[in-house]
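Okay, so here's the structure we're looking at.
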Amino acid sequence: MTSIVETPIKKRGQSSIDVAEAIRQAIRAGELLPGMQLKQADWALRLGVSRVPVREALGMLESEGLAAHEPHQGYFVAVLSEGEIEQIYLLRRLLDREIAAALAWPEEAALDGLKAIYATAEAALEAGDVGAWLACNDRFMLAVYRLCPLDIVVGEAIKLWRRSETVRSGRVRHDWHHLSREAIRLSLGRILTLVETRDRAGLKAALGRLTQVRRSPGAGA
């Protein structure tokens, strides 16, 4: 297993939540891959924080299933087996179906929020910034999930979304170089249109497509 050390980046604050998000973003961008080590000292230096929020962030990521702790070795980006990926996507498919069925159509302010995230994703797409696009994808999809009033179902769906970060990000990074920009644009644009037009059947189908496991680099959505 390998580790990664980068030059310090702009300080993100002392919050363990900020540190966890910075690590997630490194995973989205392909800077951190499954099996790579997450050294507390490296991340503390990189983010300009003490080791305390880094340690707390790594614990958070472990609870999400995105990091794994090995005794006497430290934390690593979790490696999912094919069987685990299939189970995660089976559960996501079941929960996403219930979320789509119970989702409360957004009022104007909430819809404007989705459109703003989509616009930011468009800017990232035009700039060719896959990491920034994936961060927008994350915000967009979790905002859609949170339109559903089934709090426990949504909470479990978010856990599975987080746990599948390496798989989803790997798939998008693969597609980034093989699909047209229009095809990538449609992945969010289609869902936004379905929510805006209140097409529940279409939304169920669209979320179902996102949870189809694919036997290719980054085999999942």
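The values are calculated or read from the model by the stated rules, or taken from the named source; none is laboratory data. What you are looking at is a predicted structure, and each value in this text was computed from that prediction instead of being measured. Here the Cβ is made from the backbone with ideal geometry for all residues, glycine too, and neighbour counts use every protein chain on show.
Annotations for the structure displayed:
- Only residues that are modelled with pLDDT of 90 or more, surrounded by fewer than 18 Cβ atoms within 10 Å (Cβ to Cβ) and acidic (Asp, Glu) were counted in the stretch 163-221, giving 2.
- Any hit, the stretch 197-204, residues being part of a helix (DSSP H, G or I), in contact (Cβ under 8 Å) with a residue 24 or more places away in the chain, in contact with a helix residue (DSSP H, G or I) (Cβ under 8 Å, 6 or more places away or on another chain) and of a type outside the set (A, V, I, L, M): yes
- Subset of the stretch 34-88 (residues that are surrounded by 13 or more Cβ atoms within 10 Å (Cβ to Cβ), among the charged types (D, E, K, R) and not in a helix (DSSP H, G or I)): Lys39
- Here Leu95, Leu91, Leu125, Leu114 are screened, and the one residue that is in a helix (DSSP H, G or I), closer than 15 Å to Val167 by Cβ and touching a residue at least 12 places away in the same chain (Cβ under 8 Å) is Leu91.
- Residue check, Ala123 among the small types (Gly, Ala, Ser) and touching a Gly at 6+ places or on another chain (Cβ under 7 Å): no
- Unique residue being within 19 Å of the chain's Cα centre (by Cα), of a type in the set (A, V, I, L, M, F, W, C) and in a loop (DSSP other than H, G, I, E, B) when the list is Leu134, Leu188, Leu147, Leu192: Leu147
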